[in-house]
Amino acid sequence: MPALYAPIIAMLLGLASRGVAFEFVAMLAAIGMVSIATPFLNVQRWFAWPNIILTAPVPVALAGISILLLRSLTKKYDYQPFFLSLTLFALSYAGLGISIYPYIVPQSLTIWQAASPEKSQLFMVAWRRRADTSDSRLHGWAYWVFHGKVNAASGFH
């Protein structure tokens with residue numbers, strides 16, 4: 001059965017590798033434009049002497065991850081580009097967070113002003129715990145019912 005999927009997988013990998021160059025350049029251009037603009041929201045946070053030691057690793061890491069991502073794309077690795085792309089986005093959000101902290105809406109609304117009242121947050125935490133418990137029980141029951149009934153020969157492994 002897996003031999004039937006091989007041509008389809010090869011075709012999909014070919015399509016993905018053809019479009020990745022444009023998408024990579026577009027993603028770096030978008031990250032670059034935002035990275036150039038956001039430090040000027042708070043110049044002292046990014047460029048003042050003691051702070052530059054703390055904030056400089058973000059753009060340096062972003063450049064390093066971009067180089068690693070380009071190398072992994074040219075070598076046509078399967079999993080590494082995915083995880084490096086996730087790392088790029090996480091670093092982008094970290095840089096944005098450094099620029100606008102403690103504001104959610106720059107220069108007007110802080111995180112604490114935007115947060116809901118404490119009672120509402122506690123209510124949500126309690127109901128989330130209840131939902132997690134119910135979800136865990138459901139998954140445990142489903143495992144107990146179906147374990148051992150599905151094998152590799154049936155094709156659903």
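Since every read-out is calculated from the coordinates, none of them should be taken as a lab result. A quick note: this is a predicted structure, and the numbers were derived from the prediction, not measured. Note: ideal-geometry Cβ built from the backbone for every residue, glycine included; neighbour counts use all protein chains shown.
Details
- Taking amide H positions as modeled 1.01 Å from N, with prolines and chain starts lacking one, the residues under 5 Å from Thr110 and 5 or more places away or on another chain are Ile104.
- When peptides 59-70, 5-16 are sorted by average Cβ neighbour count within 10 Å, with the highest value leading, the order is 59-70, 5-16.
- Which label in [x] -0.65, -0.90, -1.11, -1.26; [y] -0.72, -0.99, -1.05, -1.21; [z] -0.56, -0.88, -1.06, -1.25 gives the computed log10 I(q)/I(0) by the Debye sum over Cα atoms at q = 0.10, 0.15, 0.18, 0.21 Å⁻¹: [y]
- Tensor-based shape of segment 3-54 (alpha-carbon gyration tensor, a/c under 1.5 rounded, otherwise prolate or oblate): prolate
- Note on Lys75: aspartates and glutamates with a C-alpha under 17 Å away, same-chain residues under 8 apart excluded, are Glu23.
- Dipole magnitude (debye, nearest 20) for the chain, charges at Cβ of Lys, Arg, Asp, Glu: 220
- Estimated [θ] at 222 nm from DSSP helical runs (n ≥ 4, -39500 (n - 2.57)) normalised by residues in the chain, nearest 500: -25500 deg cm²/dmol
- Phi angles of segment 5-14 translate, via the Karplus equation with coefficients 6.51, -1.76, 1.60 and θ = phi - 60°, into HN-Hα couplings of 7, 4, x, 5, 5, 4, 5, 5, 5, x Hz per residue; Gly and Pro are given as x.
- Remark: segment 138-149, residue by residue, has Karplus-estimated 3J(HN,Hα) of 5, 5, x, 5, 5, 5, 5, 5, 9, 5, x, 8 Hz, where x stands for each Gly or Pro and the curve is 6.51 cos²θ - 1.76 cosθ + 1.60 at θ = phi - 60°.
- Options Gln121, Leu91, Leu70, ranked by Cα towards positive dipole end of the chain, top entry (Cβ charges): Gln121
- Cleavage-rule hits, chymotrypsin sites (Phe, Trp or Tyr not before Pro), segment 57-110, DSSP coil, Cβ neighbours within 10 Å at most 10: Tyr79
- Backbone HN-Hα couplings from phi across segment 63-77 [Karplus 6.51/-1.76/1.60, Hz, Gly and Pro as x]: 5, x, 5, 5, 5, 4, 5, 4, 5, 5, 6, 5, 7, 6, 5
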